[in-house]
Amino acid sequence: MIQALSTPEIQQFINDHLLSDPATLMLKANKYPNWPMKEIVTQIQSKQKAKKKLPTWFSTSRIIFPPLLSMEQCSSELTAAYKAGLAEKGKRMVDLTGGFGVDISAFANLFSECHYVERNEGLSAIAQHNFESLGFQNLHVHTDDSIRFLKENRAFDLIYIDPARRGDRDQKVVSLNDCEPNVIDLLPDLLVKSKRVIIKTSPLLDIKGAIRELQHVAAVHVVAVGNEVKELLFELNASAEGDPIIHCVNLTKGKTEQFDFQFSEEEELLSTFGAMRKYLYEPNASILKGGGFKVIGERLKLRKLHPNSHLYTADVLVDDFPGRSFEVLDEISLNKKSLRKIIPTMKANITVRNYPMSVAQIRKKTGLKEGGEDYLFATSDQMGAKVFQTRKVT
C-alpha cells in the first residue's frame, strides 16, 4: 500500500485535493477503479492536519501519513523540538513507543544511533518509509514489543516513552497504570537500562500523583502550545528524589514563556489578596496546570483576587508576564441597556473564572457577540462576584 500511495500520480492527486471534502471524493471513487481510494482519502485528511502541526513533513515529497487517530496523538514539530532540547548529545537512544516517528526524528541529530520501536507493523512500515524520505541515516526501525526489546538490548543514553492512552475498547485513559505499556511496572528496567528517561503523558494526568508513583522524577515539564496544554513530560533518573523542578512552558510563534518552581516553595507561601487594581494578570495555561498559584503572585508582587479565581492584579505593569496582561477600565454590570452604552459594538471577548455563569450563559443573557477590543472578566474577589471591562496589553 505504501508503494501505491507513493506513486507520482497519487501523490499529485493528494496535493491537488487537500481542500476537497472527503465524503465527496469517496463518491467519485468509481472514476479511479484501480486506485485505493479509501486510503487516499485518509492521506488527504491526515495531511490536512499536518500542515500546521508538522510543516516539514507536510512539505516533504512522498511522505505517507498514518490514520487520523495517530495524527491526533503524535507530537507536533514544535513540542518534539522542545523535547530534543532536553537531551544531551550521546551515542544511543531509544523511543520505545515509536508511533508516527515525529519525536525520534527530533532526537536524531543528537545521537549516533536512534532506535525506533513500534509493535504495529503498519506504523513501523510507514515510519521506515518516511525516515528514508526525510534523509535520516541513523534511525533504526524495530517492529517489536517495547518490553521485550528493552530486556534484550544493552544500555542507552536516553530512553523516551509515550505510552498509549487508549484502553482495550478504544476508550481514553489517563492513569499511568492503565496506559500501555505500564510504565510503573516497567520502571526498574527503565532506570537500569538508562541514566535518563523521559516519559510523555496525557495533559490531564495529576502531576503530584504521578511524581509519587514514579518516585525518581528530576523534573516535570508542562508543555503548552498557544496557551493550550498539550503534554506533560517527566524526566527520571535513579538518583532523583523528592522535590522536582516544575517547568511551565508555553510555546508560541514569537516567543517561549517559561516559569519554574517547586512544590515545596508553593506549599510554604501564603498568597496576598486584594481588590482589583489598574492591571489584571492571567497566567498562561501551563502555569495553571502546573499549580504555581502562590509562587507567581509572590515572585511578581501581585495580589490575588480570590483563592479560587487564579487571577492577579497590581498598580504596575509587569514586563514579560508569563500569560496575558490587561488594563482594567471599569467594573461593570451585565445589564443589556448599560452594556450598549459601554460597548456600542456589543462585541467582547469573555473569560469566566470562579463565577456563577458560563460564557454561553453570559452571551445569551447580554446578547454580546465574540470579538472586538474589549475583554470582559467575569470572576470573584473576596467581596463576591464581579465583572470587569479590560483592554489587552500583551
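The values are calculated or read from the model by the stated rules, or taken from the named source; none is laboratory data. Since the structure is predicted, the reported quantities are computational estimates derived from the model, not experimental observations. Don't worry about glycine lacking a Cβ; one is built from the backbone with ideal geometry, like all the others, and counts go over all protein chains shown.
Data overview
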| read-out | value |
| --- | --- |
| Some residue of segment 23-37 being in a loop (DSSP other than H, G, I, E, B), out of contact with any Cys (no Cβ under 7 Å at 6 or more places or on another chain), crowded, with 19+ Cβ neighbours inside 10 Å and not aliphatic (A, V, I, L, M) | no |
| Residues that are in contact with a helix residue (DSSP H, G or I) (Cβ under 6 Å, 6 or more places away or on another chain) and either buried (at least 18 other Cβ atoms within 10 Å of the Cβ) or under 16 Å from Arg119 (Cα atoms) (or both), drawn from segment 146-155 | Leu150 |
| Within segment 195-284, strands (runs of 3 or more DSSP E) holding 2 or more residues that are touching a Leu at 6+ places or on another chain (Cβ under 8 Å) | 197-201, 217-225, 228-236, 279-283 |
| Qualifying positions in segment 326-360 - basic (Lys, Arg) and in a loop (DSSP other than H, G, I, E, B) | Arg353 |
| Residue, farthest from Pro188 (Cα to Cα), within segment 124-145, restricted to residues that are hydroxyl-bearing (Ser, Thr, Tyr) and out of contact with any helix residue (DSSP H, G or I) (no Cβ under 8 Å at 6 or more places or on another chain) | Ser133 |
| Residue match in segment 343-365 (condition: touching a residue at least 40 places away in the same chain (Cβ under 8 Å) and surrounded by fewer than 15 Cβ atoms within 10 Å (Cβ to Cβ)) | no |
| Tabulated pairs, segment 1-13, first closer than 12 Å to Asn130 by Cα, second modelled with pLDDT of 90 or more and buried (at least 17 other Cβ atoms within 10 Å of the Cβ), C-beta under 6 angstrom, 6+ apart or interchain | Ile2/Ile64; Ile2/His129 |
| The listed residue being within 25 Å of Asn227 (Cβ to Cβ) and among the basic types (Lys, Arg), out of Lys28, Lys51, Lys91 | Lys51 |
| Within segment 366-385, considering residues that are assigned to a strand (DSSP E or B) and among the polar types (S, T, N, Q), the one surrounded by the fewest Cβ atoms within 10 Å (Cβ to Cβ) | Ser380 |
| Hits in segment 82-106 (condition: aliphatic (A, V, I, L, M) and either farther than 18 Å from Val183 by Cβ or surrounded by 22 or more Cβ atoms within 10 Å (Cβ to Cβ) (or both)) | Ala84, Ala87, Met93, Val94, Leu96, Val102, Ile104, Ala106 |
| Unique residue being assigned to a loop (DSSP other than H, G, I, E, B), of a type in the set (Val, Ile, Thr) and either under 29 Å from the mean Cα position of the chain (by Cα) or surrounded by fewer than 17 Cβ atoms within 10 Å (Cβ to Cβ) (or both) when the list is Val316, Val295 | Val316 |
| Residues satisfying the stated conditions in segment 107-121, i.e. of a type outside the set (Ser, Thr, Tyr) and under 17 Å from Arg196 (Cα atoms) | Phe107, Ala108, Leu110, Phe111, Glu113, Cys114, His115 |
| Pairs, first within 13 Å of Asn227 (Cβ to Cβ) in segment 280-301, second among the aromatic types (Phe, Trp, Tyr), C-beta under 7 Å, six or more apart | Ile287/Phe259 |
| Residues located in segment 278-287, provided they are surrounded by 15 or more Cβ atoms within 10 Å (Cβ to Cβ) and out of contact with any Phe, Trp or Tyr (no Cβ under 9 Å at 6 or more places or on another chain) | Ala285 |
